[in-house]
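Bear in mind these aren't lab numbers, they're just calculated from the coordinates by the rules spelled out. Since this is a predicted model, take the numbers as computed values, not measurements. Cβ sites come from the backbone with ideal geometry, for glycine too, and all protein chains shown count toward neighbours.
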Amino acid sequence: MEQLASQQCVHNDDSKKPLEDETRDSLLKEQLPEWNYDADKGEVSRKFKFKNYYHTMAFVNAVAWIANKQAHHPDLEVSYGHCLVRYTTHDAGNSLCLNDLICAAHIDTLEDNGNFGPNFQD
Ligand SMILES: C[C@H](O)[C@H](O)[C@H]1CNC2=NC(N)=NC(=O)C2=N1
């Protein structure tokens, strides 16, 4: 299967079709091992932890940028030191679709290495 992180979201009738169980499970296992699937909610989620609010918000802004680029938007829970990212496809009645996993993979490419430049507050 093609790498999720090198794919872009598509918005058509096909993109509103829930993933087959087998496809979903193998993509999660092979490409998104840090993400948790909730079958009841039809969503995947991952909690990202940061050392302070500056780091958290830098991440949140990058997530928002990806969401607008992909026209597919996660629910976010933000606090001082963490951001919980949840994806489901509302247009599919809150089911897990390929766009959800593509966005999750894009977010996994954001690295927080704690180095934001000399003027960044630690
Ligand atoms: C037209 C546009 O693609 C849709 O309204 C998008 C916008 N962002 C979305 N985000 C999410 N998470 N699910 C959707 O079904 C969805 N639909």
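Quick look at the values:
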{"item": "Computed helical MRE - 222 nm, the chain, DSSP H runs ≥ 4 contributing -39500 (n - 2.57), nearest 500", "result": "-10500 deg cm²/dmol"}
{"item": "Rounded to 10°, Cα long-axis angle of helix 21-31 versus longest principal axis of the chain", "result": "30 degrees"}
{"item": "Note, ³J(HN,Hα) from phi for region 37-53, Karplus 6.51, -1.76, 1.60, rounded to Hz, x at Gly and Pro", "result": "9, 10, 5, 5, 8, x, 9, 10, 9, 8, 9, 9, 10, 9, 7, 6, 5"}
{"item": "Peptides ranked, highest mean first, by Cβ atoms within 10 Å: ranges 18-28, 90-100", "result": "90-100, 18-28"}
{"item": "Residue-span extension gain [residue 91 to residue 23] - 0.36 nm each, minus C-alpha spacing", "result": "22.5 nm"}
{"item": "Likely footprinting exposure, 85, 60, fewest C-beta neighbours within 10 Å first", "result": "60, 85"}
{"item": "Two-site label geometry, residue 110 and residue 34: point separation in nm, points 7 Å out along Cα→Cβ", "result": "1.1 nm"}
{"item": "Placed amide H near residue 97: partners under 5 Å, 5+ positions off or other chain", "result": "19, 89"}
{"item": "Principal axis box of region 10-108, alpha-carbon based, largest edge first, Å", "result": "39, 25, 22"}
{"item": "Under 29 Å between alpha carbons - lysine pairs in the chain that sit 8 or more apart or on different chains", "result": "18"}
{"item": "Residue-wise HN-Hα coupling along region 96-101, computed from phi with Karplus coefficients 6.51, -1.76, 1.60 (Hz; x: Gly, Pro)", "result": "8, 10, 4, 4, 4, 6"}
{"item": "By average C-beta atoms within 10 angstrom, highest first, the peptides 71-81, 5-15", "result": "71-81, 5-15"}
